[in-house]
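First comes the structure, then the notes that go with it.
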Amino acid sequence: MESRNELPGLLIDTAPDAIIVSRSDGAITMANRRAHDMFGYPADTLVGVSVDVLVPDEVRFKHPAQRASYLSGGHPPLRRLPLRGLRRDGTVFPVEVSLSAVAVPQVAGGAETYVTAVLRDDTAHRQAAATRALLASIVQSSHDAIVTTDVDGRVLSWNPGAELLYGFPATAMIGTSIDEIIPPDRRADEAQIRLLVRLGGRVDRYRCTRVSASGQLIAVSMLVSPLLDEAGALVGTTSTARDISERERAEARVQAILDAAPDALLGVAESGEVVLVNAEAERLFGHPRHDLIHMLVSRLLPDGLPPVSAVLRTGGDSTPLDTVRTGDGEQRWVKRRAVRSDGSTLPVDIACSALHTDTGTVIVAAVRDITDRLAIEAERRRLREETDRQKLEARMQQTQRLESLGQLAGGIAHDFNNLLAVILNYAAFIIEDAAGTPPAADAEQIARAARRGSDLTHQLLAFARREVIRPRPLDLNAVVTEVHQMLDRSLGEHITLTVRTTDALPAVMADPGQLEQVLVNLAVNARDAMPSGGRLTVDTAEVRVDEEHSAARAGLSPGRYLRLRVSDTGTGMPQDVIDKAFEPFFTTKPSGQGTGLGLATVYGIVTQAGGTVQIYSEPGIGTTFTILLPVTDVQAQRIVPEEVIAGLAGHGATVLVVEDEDALREVTCRILRRGGYTVLAANGGEQALRVAAGNSIDVLLTDVVMPGMLGKDLADAISTRYPRTKVLFMSGYAQPVLTDHGTLSADVHLLEKPFTSAELMRALHDELQAKP
């Protein structure tokens, strides 16, 4: 071989392709610089190495046989064989090989055959070919219509997508004008677009129409780009069209749905611009659709958008629509202001959802005009207030009516009780003195009538809350149990009485006698409502009254209460009867079978104790009375029966009787003298003070309401001058004078009129026995 310094060797070493010369046994005798670079070997290291090391391992064992086969024949030149080479680092790459063989005579005789291989790295070429094949495949398999035209608008290529979209086969369209599928009225515009592209202008995707083989107009989305040759020269245009007819129909359906929505809908981009509106939004804000699009939402909703209630995610892949509720999962409507085109504002409710798309987040705001709703609510509130005002006026009128009746009852009671006391005691004298005679029997009837009159007077005072009460902490369950025993005997066998009490109830502050009267009155009413029999149920429990409780709305203060409930399965009451049930003398019973004061008395007793009573009744089903009494923290007192005292005689004690009613004063003095008392009498306060000044008085027995000087003022004067003198009041209407809100003080002793001789003697005896 010749030295590299010679010209042929220099040319070989600088050749652009790899050149390798090997002997028939495969040993490399020469390799140029490009060969070393291609296979990754240092310079001058390939000479003497077998050419087999440049072949991949999996085919290396075949290479000697293939070489021998090539050399044994005529070994013609081989051109551009696609093979694979193996670099020194082990990587395999495609190469294109051209081979030639030559026999060179040897000095020793004979000839040696040398093989010259010219190798070219085929990687870039193959990649370019693969890319071209891939692009061709993409074009052929694309659903979009891809069409190339030359600078004159003649069709150069027409893919299957174009055949499918336009209906023309490629054979019919290649070489024809593109105007074949462009509507006549649009050809000039389309020519201007193609010219703009040829001049280097950029055309964004735009909507246009094309004509199919059947003559039908097709809506397409079109993208036009320049077509360049291998040298970069413009040779035409490429247009990519996509059928959007179905999409436009779908968009039209969606828009129709949006326009049918009762609320205004706004789509707001991240920039704050409106990108979507519906017909109701046009009506609500007073702007046409084209003005609303791209308008800042702050111009329409100056108070801003509320937080989103739901997040929707969608994308261009096959992932389904996904909805995520935020917070508690409820759709939240927030009150805001909306501004119309004329500058006027109106109240609206707004609820927002976020839609995450490939192009960004869109806030979808549903805007609801609430002008009418607010007007309805205001009217409803006005009617409710008017109803409450009417109810309040009705309660005030009822209260005033009851107050007026109470004042009337009190005035009557004072005089009526004096008359009853006289009648009752004179009848007692006759019964005692003429025992066993007809006059005594007549007197007994007089006394019985007087006692009925006394009971009626007490009912009037109780209803009008004028009766003096002696409240104390009570165990409500104990009172109910005691009355239960009495009712078992008196209601009759046709009534099934059930009592259910709740254990460990706190105490209530009430007069035990009045509380028993409430239970008896309600039980008697229930019995009369069940003439054919039924069930009467009494139960107790503790309840807490808050501002939403029906009793609180009726005026009861919030707090802890004990509930006493009396229910029957009787005939029930219609609403008009319920409205009048607590009015005095109102009754649905036949004449002579009721006074009409039973429920009025219940109402008076309960309200005087600071509680309330409510009725729930339905005709044919029954009635329930619910009584609420305020709880007290004071421990309940046991009810201890009074001891029976045998001797009630006065034993000469001096009693000063002060009474402005002559007949009552005389009968009182007569009772006391017969009982062994020394009696002094006065018709008023001034005379009583004069009598007391000249006598030693053990007990002052005085009326409460008297002309000139009230009994309380007289008692104060006597107690100041004669501290050892005890005081006993007698009255049928002492509440306004002696009590604090109807409650008698513990240090005030009162004998209520009308009284019998036994009641008078016991009261005086107890007063004398009491410790000072």
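Does L78 qualify as being closer than 25 Å to G9 by Cα and either open to solvent by 50 Å² or more (accessible area, probe 1.4 Å) or of a type in the set (A, V, I, L, M) (or both)? It is true that L78 is closer than 25 Å to G9 by Cα and either open to solvent by 50 Å² or more (accessible area, probe 1.4 Å) or of a type in the set (A, V, I, L, M) (or both).
Could you pull out the residue among I363, I370, I350 that is touching a Cys at 6+ places or on another chain (Cβ under 8 Å) and modelled with pLDDT of 85 or more? Talk me through it step by step, then tell me what you get.
Details: I370 fails: touching a Cys at 6+ places or on another chain (Cβ under 8 Å); I350 fails: touching a Cys at 6+ places or on another chain (Cβ under 8 Å).
None of the other options fit; the residue is I363.
Considered as a group, the residues in segment 336-392 that are of a type in the set (D, E, K, R) and in a strand (DSSP E or B) include one that is nearest to P302 (Cα to Cα), and that residue is R337. If I filter segment 109-116 for residues that are touching a strand residue (DSSP E or B) at 6+ places or on another chain (Cβ under 9 Å), among the aliphatic types (A, V, I, L, M), over 19 Å from T238 (Cα atoms) and open to solvent by less than 50 Å² (accessible area, probe 1.4 Å), do I get at least one hit? Within segment 109-116 (the criterion being touching a strand residue (DSSP E or B) at 6+ places or on another chain (Cβ under 9 Å), among the aliphatic types (A, V, I, L, M), over 19 Å from T238 (Cα atoms) and open to solvent by less than 50 Å² (accessible area, probe 1.4 Å)), the answer is yes, since at least one residue qualifies.
Just give me the residues in segment 17-75 being polar (S, T, N, Q), in a loop (DSSP other than H, G, I, E, B) and open to solvent by less than 40 Å² (accessible area, probe 1.4 Å), in sequence order.
Hit for segment 17-75 is N32, nothing else.
Flag: V197 does not match the condition of being over 15 Å from G153 (Cα atoms) and surrounded by 14 or more Cβ atoms within 10 Å (Cβ to Cβ). Look through segment 485-532, keep the residues that are charged (D, E, K, R), assigned to a helix (DSSP H, G or I) and farther than 30 Å from R560 by Cα, and return whichever of them is farthest from the chain's Cα centre (by Cα). Across segment 485-532, the extreme among qualifying residues is R489. For the residues D37, D25, the requirement of being closer than 30 Å to A129 by Cβ and acidic (D, E) singles out D37. Taken as a whole, the condition of being open to solvent by less than 60 Å² (accessible area, probe 1.4 Å) and either among the aromatic types (F, W, Y) or touching a helix residue (DSSP H, G or I) at 6+ places or on another chain (Cβ under 9 Å) (or both) does not apply to V104. Can you pull out the residues in segment 224-269 that are surrounded by 11 or more Cβ atoms within 10 Å (Cβ to Cβ) and either acidic (D, E) or in a loop (DSSP other than H, G, I, E, B) (or both)? Of everything in segment 224-269, those that are surrounded by 11 or more Cβ atoms within 10 Å (Cβ to Cβ) and either acidic (D, E) or in a loop (DSSP other than H, G, I, E, B) (or both) turn out to be D243, I244, E248, E251, D259, A261, D263, A269. Quick one: E280 ticks every box in (1) over 30 Å from T148 (Cα atoms); (2) in a loop (DSSP other than H, G, I, E, B); (3) touching a helix residue (DSSP H, G or I) at 6+ places or on another chain (Cβ under 8 Å) except a single one, so which number is it? Here E280 meets the rest and fails (2). Of all residue pairs spaced 6 or more apart or on separate chains, those with beta-carbon atoms under 9 Å, a first member in segment 557-568 that is under 11 Å from L522 (Cα atoms) and open to solvent by 70 Å² or more (accessible area, probe 1.4 Å) and a second member that is assigned to a strand (DSSP E or B) and among the acidic types (D, E) are R565/D539. For segment 572-593, the condition of being within 49 Å of the chain's Cα centre (by Cα), of a type in the set (V, I, T), at pLDDT below 80 and part of a helix (DSSP H, G or I) holds for none of the residues. Considering only residues in segment 687-707 that are open to solvent by 20 Å² or more (accessible area, probe 1.4 Å) and touching a residue at least 60 places away in the same chain (Cβ under 8 Å), the one that is nearest to L424 (Cα to Cα) turns out to be V705.
For segment 708-726, how many residues meet the condition of being surrounded by fewer than 21 Cβ atoms within 10 Å (Cβ to Cβ) and either aromatic (F, W, Y) or in contact with a Leu (Cβ under 9 Å, 6 or more places away or on another chain) (or both)? Steps first, answer last, please.
Filtering segment 708-726 down to residues surrounded by fewer than 21 Cβ atoms within 10 Å (Cβ to Cβ) leaves 708-710, 712-713, 716-717, 719-725.
In the following step, the residues that additionally are either aromatic (F, W, Y) or in contact with a Leu (Cβ under 9 Å, 6 or more places away or on another chain) (or both) were identified as 709, 712, 717, 719, 721-722, 725.
Residues in segment 708-726 being surrounded by fewer than 21 Cβ atoms within 10 Å (Cβ to Cβ) and either aromatic (F, W, Y) or in contact with a Leu (Cβ under 9 Å, 6 or more places away or on another chain) (or both): 7 in total.
Any residue at all in segment 76-87 that's modelled with pLDDT under 90 and over 24 Å from R126 (Cα atoms)? Yes, segment 76-87 has at least one match. Take the conditions (1) outside any strand (DSSP E or B); (2) at pLDDT below 90; A219 misses just one of them, which is (1).
The condition (being closer than 22 Å to R126 by Cβ and among the hydrophobic types (A, V, I, L, M, F, W, C)) is satisfied by just one residue among L11, L71, L99, L46: L99. On the stretch given as segment 708-727, residues that are touching a Gly at 6+ places or on another chain (Cβ under 7 Å) and in contact (Cβ under 8 Å) with a residue 40 or more places away in the chain total 1. Pairs linking a residue in segment 230-256 that is closer than 20 Å to I146 by Cα to a residue that is open to solvent by 60 Å² or more (accessible area, probe 1.4 Å) and among the acidic types (D, E), with Cβ atoms under 6 Å and 6 or more positions apart or on different chains, are V235/D229.
Among strands (runs of 3 or more DSSP E) lying entirely in segment 623-723, which contain 1 or more residues that are at pLDDT 90 or above and under 60 Å from the mean Cα position of the chain (by Cα)? Don't jump to the end; show me each part of the working.
On the way: elements: 654-658, 678-682, 699-703.
So the answer is none; nothing clears 1.
In segment 359-380, the residues that are acidic (D, E) form Cβ pairs under 8 Å with partners that are not in a helix (DSSP H, G or I), at six or more places apart or across chains, as follows: D369/A264; D369/A338; D369/L346; D369/P347; D369/V348. Among the residues making up segment 208-223, a single one is open to solvent by 30 Å² or more (accessible area, probe 1.4 Å) and within 30 Å of R132 (Cα to Cα): L223.
Conditions (1) modelled with pLDDT of 90 or more; (2) open to solvent by 70 Å² or more (accessible area, probe 1.4 Å); (3) within 21 Å of D263 (Cβ to Cβ), marked per residue:
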{"site": "M295", "(1), (2), (3)": "yes, no, yes"}
{"site": "G304", "(1), (2), (3)": "no, no, yes"}
{"site": "L312", "(1), (2), (3)": "no, no, yes"}
{"site": "P320", "(1), (2), (3)": "no, yes, no"}
{"site": "R336", "(1), (2), (3)": "no, no, yes"}
{"site": "T345", "(1), (2), (3)": "yes, yes, yes"}
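Check T14, T45 and return the single one that is at pLDDT below 90 and not acidic (D, E). Don't jump to the end; show me each part of the working.
On the way: T45 fails: at pLDDT below 90.
T14 is the lone residue from the list that is at pLDDT below 90 and not acidic (D, E).
Please list, ordered by residue number, the helices (runs of 4 or more DSSP H) wholly in segment 96-193 having 1 or more residues that are in contact (Cβ under 8 Å) with a residue 40 or more places away in the chain. Write out each step before concluding.
Working: elements: 123-141, 160-166, 170-173.
Filter on segment 96-193 gives 160-166.
Of all residues in segment 665-686, at least one satisfies being open to solvent by 10 Å² or more (accessible area, probe 1.4 Å) and more than 23 Å from P754 (Cα to Cα).
The values are calculated or read from the model by the stated rules, or taken from the named source; none is laboratory data. Computed from a predicted structure; not experimentally measured. Glycine gets a Cβ as well: all are built from the backbone with ideal geometry, and neighbour counts include every protein chain shown. Note: areas computed on protein heavy atoms with side chains; ligands, DNA, RNA excluded. Shrake-Rupley method; radii C 1.70, N 1.55, O 1.52, S 1.80 Å.
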